[in-house]
Amino acid sequence: MAVRYQKVGKKGKGIILDEFTKLTGYGRRYASYVLRSHGRKVRINKRYVIQGDIRKTERRKKPKIYDGAVEEALKKIWYVMDCICGKRLAPILREVVRRLERFREIRISDDVRQKLYRISAASIDRLLAKERRTHQIKGRGNTKPGTLLKHQIPIRTFSDWNEHKPGFVEIDLVGHDGGDSHGDFAQTLDVTDICTTWTETEAVKNKAQIWVFDALKDVRQRMPFPLLGIDSDSGGESINAHLVSYCQEEKITFTRSRPYRKNDSCFVEQKNYSIVRRAVGYLRYDTEEELLTLNELYRHLRLYTNFFQPTMKLIEKTRIGSKVIKRYDKPLPPYRRVLACPDVSADNKQALRKLYTKLNPAHLKRQITRLQQKLYQLHAQKRSPIKKAAA
């Protein structure tokens, strides 16, 4: 276009200029400057000649706002917060900085503090890009269809539950078989509240109904609101007479998802990875000591995730042709969502506030890391059957 523009007359220039501004969105004055400058040579001295080229641009050099001190402080906070993304970290960064300073976990200057208070989510992700190293490993599913009793449990539809009220939960089991499904191995019962995203986990020695049932009763005692409804998959460990009669006696709604439809239990399925798998991995845990260590880890993990890990809930999904646009609410930890919920009693909220003032996220993170290392050591110490036979 520039070559044509420079050769034609005034009328032709106007036609080309109209087309060029529609394609680029430039203003007419700037578009005219670009077209007439492209390819034009300007002699600087006897040796150097500058030739205009609109295809080459020079990056504008801006002064660096977030220097090394900000980056180092941000890295420490990021590791304490379990390496979450900038969109989840930015809204709670001010509160986290204050809490870590209160427990003397970080020491920063006033200038660095003010920069951390106003840093955006995009800037967080940009500064931490080199630190991100993720390794995703796919696990295996071990859910088997339940007995004929499952036909007595209604399939949940979204019109049956009040998902804007806390107490309606999804439950699932996460197997720790390490790729070998033979014999008994530990299972983690994952219970997730749909309204507040509050999550509780409990490890059991196997998938026997009695252990899962006892774990569910223990989890119910720890939740900061009454249990109103349970939705499970169609596995036999969940669909059993004990749980059915218990829910009928306690007036708890009991429903199940459709077989082979993981999206029916999308809330708890997401927590299976983001909480359980990220914390304990994909190794095989089948000893009593490993089971006790798992539950000790989960006691710290429940406080860390529910009080300090922000969650984002999908509020709208719009499809425009092949493109899907999703809108999420403001990232908030489950603790904040519980406090904002009018259906939770004032006594329970006060108990949560009192507990929150004593919690140090950095200390919880250290305890979780210590127990994770202990789990890996216990797994490494176990000798394979081949080695035992050789000995």
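The values are calculated or read from the model by the stated rules, or taken from the named source; none is laboratory data. From a predicted model like this one, the values you see are computed outputs, not experimental measurements. Positions of Cβ are generated from backbone atoms using ideal geometry, with glycine treated the same way; all protein chains shown enter the neighbour counts.
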In this structure, does ALA380 turn out to be in a helix (DSSP H, G or I), of a type in the set (Gly, Ala, Ser), in the same structural domain as LYS165 (by TED's automatic domain parsing) and at pLDDT below 95?
yes
Please verify whether region 289-308 includes one or more residues that are in contact with a Pro (Cβ under 8 Å, 6 or more places away or on another chain), part of a helix (DSSP H, G or I) and among the hydroxyl-bearing types (Ser, Thr, Tyr).
yes
Listed by range, helices (runs of 4 or more DSSP H) wholly within region 74-133 having at least 3 residues that are loosely packed, with under 12 Cβ neighbours inside 10 Å and free of Cβ contacts under 8 Å to residues at least 60 places away in the same chain are 110-118
The condition of being at pLDDT 95 or above, within 30 Å of MET312 (Cβ to Cβ) and not acidic (Asp, Glu) holds, among THR201, THR134, THR143, THR157, only for THR201
Condition set among the small types (Gly, Ala, Ser) and not in a helix (DSSP H, G or I), scope region 208-241, selection modelled with the highest pLDDT: answer is GLY229
Across (1) over 48 Å from the mean Cα position of the chain (by Cα); (2) modelled with pLDDT of 90 or more, LYS22 clears everything bar (1)
Right, ILE230: surrounded by 24 or more Cβ atoms within 10 Å (Cβ to Cβ), assigned by TED's automatic domain parsing to the domain that holds THR253 and either within 21 Å of the chain's Cα centre (by Cα) or more than 23 Å from GLU290 (Cβ to Cβ) (or both) or not?
yes
